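Read-outs: derived from the displayed coordinates by stated rules, not from any lab. Bear in mind the structure is a predicted one, so any value in this text is a computation, not a measurement. No Cβ is skipped: glycine too gets one built from the backbone with ideal geometry, and neighbour counts run over all protein chains shown.
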Amino acid sequence: MDMQFGVMLRGLFDWDDDMKVRFNELMEQARLIDKLGYDCITKGSHFSTYPHQEMTQIPFLCRIMSEAPNVRLNAGIVLLALHNPMEVADYFATMDLMSGGRMIFGCALGYREVEYKAFGVEKGTGVTRFEENLEAVRRLWTDEKVSMKGTTFELDEARISVPLQQDPHPPIWIGANADVAIKRAARLGDCWYLNPHQKVETLLRQMDLYREELEKHKKPFPKELPIRREVFCAPTHDEAVELAAPYIKGMYDAYKTWGQDKAMPAEDRDITQEYAELARDRFIVGDPDEVAEEYVRYNKELGVNHIIMSVQGVGMPQGQVLDTLSLVAEEVMPKVRAA
Amino acid sequence: MTRSQYTRTEDMTARFEELLQQVRLLNALGYDSFAKGNHYSSDPFYEFQQLPLLCRLMADAPDMRLIAGIVLLALHKPLEIAEYFATMDVMSGGNLVFGAALGYRDVEYKAFDIKKGTGVKRFEQNLEAIRRLWTGERVNMKGDYFELDNASVSMPCVQNPHPPIWIGANADVAVDRAARIGDAWYISAHHRKDTLYRQVEFYKRCLEKYKKPYPTEWPLRREVYIADSREAAIDAVRPYLGLKYSTYHAWGQSGPMPQGDTLGLEFDDLLQNRFIFGNANEVAEEIIDYCRLLGTNNFITSCQWPGMPHTMVMENIEMFAKDVIPKVRQGL
């Protein structure tokens, strides 16, 4: 598979920001991404985002389909332990149909207490729910009528509401940080969706684990292997560093308070380290040549062939986002393809 | 109402393109809103899912309000619904209506792990939680099946204080509940007219009981089809509308109907006093009659049923806008 270039429209905004304006900006970003020849738009999922505002994943992906008619649309990721499988399977079947078969279904466990409580999911039951839900979703997508009794649902001759466009179903990417989750991703997913927080050396170690686990389950190495990274690209190295500094700090302070660090492997757990130390081997910061080199290195070292970049830190102005999108499309993508 | 239910032999990609054309036509003709219902596992039909469909269609109908009519609220978790619909309210520029009702189908209740006797409690707790999430910054509330622990929505709604909350209700006890907790009672397409006269009086008494004002907007949905004559209209829709109601009866929709009524009737008996068929004049007069007697000021028509050809739908959308709407406006 050729290298795929994706963009994550994270869009975390301050609580007093005007979301009608921010939404129109995100639509403009989606149109530009489509026009510049990117392959994919990704939207993540969190609930109860105070003190930030964020467009919710499924409504947003459905709305931008018409603005971005060519790119694939990645729900990266759905917090699958929280949701009901009938609902999720049906939403994504309709979305796959409306988008002409452009959906990617990413899923992961989630980790925030406020979300687990709000959805009535006891913490210790998350893995069971996740695995049962995924099995139910897959069966609803592929079987004619499904009867299956899970711990928290019962499908009694249930049927999907519209047929899937992709055969047999949208790709299932599984987000995983901890070793045990990576093993689960190998066993259950079409691929492991490598996360944006971990250092390359950690990912290299975990990639060996992932390969071992694939072999154990007699599964081939995935044709498509995606990773998400924070990318700060500017015309010169110094401008890129200057661009990155405030956003990285703000973002990780927020994640820290949400408890994301607890879901990470021990050696990577302190994500509030000093910026420079934090950024090294974890974020991609540089001029177009440097960013292209990093993309190629990720491809060579980790085997990833779909790099999804997040470019908009909290508070980053729209003009800056659009500039980065254009710069990467025009100066990074051709270099990576050539290499 | 863009019902979007289809038989399971149809090409759904083609049907989706047709649905987009219908919505563009509605927008161009000046209709005020479009509604989409909610079912899971709608065997033997195909059906687009409500929330994704409304989000996609809003791109093609920028001037219209969108009605989630209704959400099966007992099945869902309140934080999820509050956040999805807040995002939809923002994306649509404050054009969203939130309809909610209990639901009744076993296959849905089982799939969502809802024990039948707990539906009402879940419905009421969920609605209270959604309302609080839409109006407060941080919410603490412990329901039987969820706990909001300093939780927030991901953004506030555009409409102040929140999108209108319409409650679907069939039986008297549900109408009472609609008066107590809703902004309006959303009257279904399948209530008989004579039942409605009685229930509307009942609803008004309930509003008085709860010291709530008469709703400023009062919606009514009806199945409507226009042809040269009433007979021609009935003949034209018989295969499609007949299939819809025999299926809903088999799903159990007759269970929560008002006392003494059922959908388990032969088609010719079913349509009496319930659906609006005729030429444009007759249809307009009947709508005026409903509006006068009930006080309805938001009339939602359905004119597409499973298996019905796209051209029939497009023609009826156009005829209704050109020949019926002006007469109704004039007559009221």
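With springs only between Cα atoms under 10 Å apart, run a GNM on chain A and tell me which of A:Ile33, A:Ile174, A:Ile64 wobbles the most. For chain A, modelled as a Gaussian network with Cα springs under 10 Å, the answer is A:Ile64. Considering only GluC sites (Glu not before Pro) in DSSP loops that have at most 12 other Cβ atoms within 10 Å, the longest stretch of chain A without any of them is A:145-273. Loop-located trypsin sites (Lys or Arg not before Pro) across region B:143-216 with a Cβ neighbour count of 14 or fewer within 10 Å are B:Lys211, with loop assigned by DSSP. Neighbour counting of Cβ atoms within 10 Å sorts the residues B:Val23, B:Val120, fewest neighbours leading, into B:Val120, B:Val23. Mean-square fluctuation check for chain B, GNM, Cα pairs under 10 Å: which of B:Gln159, B:Gln259, B:Gln304 is largest? Per the Cα network of chain B with a 10 Å cutoff, B:Gln259 tops the list.
For chain B, adding -39500 (n - 2.57) for each run of n ≥ 4 DSSP H residues and dividing by the number of residues yields -14000 deg cm²/dmol at 222 nm.
In this label model, A:Met1 and A:Glu144 are separated by 3.2 nm, measuring between points 7 Å along each Cα→Cβ vector. Figure legend: label point modelled 7 angstrom from the Cα of A:Thr151 along Cα→Cβ; residues of region B:88-111 with amide N under 18 Å from it are B:111. The modelled label-to-label distance for the pair A:Val241/B:Asp194, using points 7 Å beyond Cα in the direction of Cβ, is 8.6 nm. In a fully extended conformation the segment linking B:Glu201 and B:Glu17 would gain 62.0 nm over its present Cα-Cα distance, using 0.36 nm per residue. Tell me which chymotrypsin sites (Phe, Trp or Tyr not before Pro) from region B:15-97 have a DSSP coil assignment and no more than 15 other beta carbons within 10 Å of their own. Loop-located and lightly packed - none at all.
At 222 nm, what value in deg cm²/dmol follows for chain A if DSSP H runs of at least 4 each add -39500 (n - 2.57) and the sum is divided by all its residues, to the nearest 500? Could you put the intermediate results ahead of the total?
Numbers: 12 runs with 147 residues, N = 339.
It comes out at -13500 deg cm²/dmol, rounded to the nearest 500.
Using R₀ = 22 Å, calculate the FRET efficiency as 1/(1 + (r/R₀)^6) where r is the Cβ-Cβ separation of B:Asn297 and B:Glu318; round to 0.05.
Plugging the Cβ-Cβ distance into 1/(1 + (r/R0)^6) gives 0.40.
Estimate the FRET efficiency between A:Glu113 and B:Leu332 by the formula 1/(1 + (r/R0)^6), using the beta-carbon distance for r and 51 Å for R0, to the nearest 0.05. Could you put the intermediate results ahead of the total?
Details: r = 54 Å, r/R0 = 1.06.
Approximately 0.40, to the nearest 0.05.
Here the Karplus relation 6.51 cos²θ - 1.76 cosθ + 1.60, evaluated at θ = phi - 60°, turns the backbone of region B:187-193 into coupling constants of 7, 6, 7, 9, 5, 6, 4 Hz, with x for every Gly and Pro.
Could you check how many percent of all C-alpha pairs in the protein assembly as shown are farther apart than 47 Å? Could you put the intermediate results ahead of the total?
Working: 41510 of 224785 pairs.
Every Cα pair in the protein assembly as shown considered, those over 47 Å come to 18 percent.
Taking the number of Cβ atoms within 10 Å of each Cβ as an exposure proxy, the fewest-first ranking of A:His217, A:His83 is A:His217, A:His83.
Annotation: the antiparallel percentage among DSSP beta bridges lying fully within chain A is about 15. Taking a ≥ b ≥ c as the square roots of the eigenvalues of the alpha-carbon gyration tensor, region B:210-332 is classed oblate because a/c is 1.5 or more while a/b is no larger than b/c.
Taking 0.36 nm per intervening residue step and subtracting the Cα-Cα distance, what contour gain separates B:Glu128 from B:Thr9 on full extension? It would help to have the intermediate numbers written out before the result.
On the way: separation 119, 0.36 × 119 = 42.84 nm, distance 4.10 nm.
Working it through step by step, the gained length comes to 38.7 nm.
Amide hydrogen proximity for A:Glu230: with H placed 1.01 Å from N in the peptide plane, the residues at 5 or more positions away or on another chain lying under 5 Å are A:Ile284, A:Ser310. Note on A:Ala338 and A:Asp167: their simple-model spin labels are 3.9 nm apart, each label 7 Å out from Cα toward Cβ. Taking a ≥ b ≥ c as the square roots of the Cα gyration tensor eigenvalues, with a/c under 1.5 meaning rounded and otherwise prolate when a/b beats b/c, else oblate, which class fits chain A? It comes out rounded by the Cα gyration axes. Look at where the Cα atoms of region A:86-130 and of region B:174-212 average out, and the two centres are 36 Å apart.
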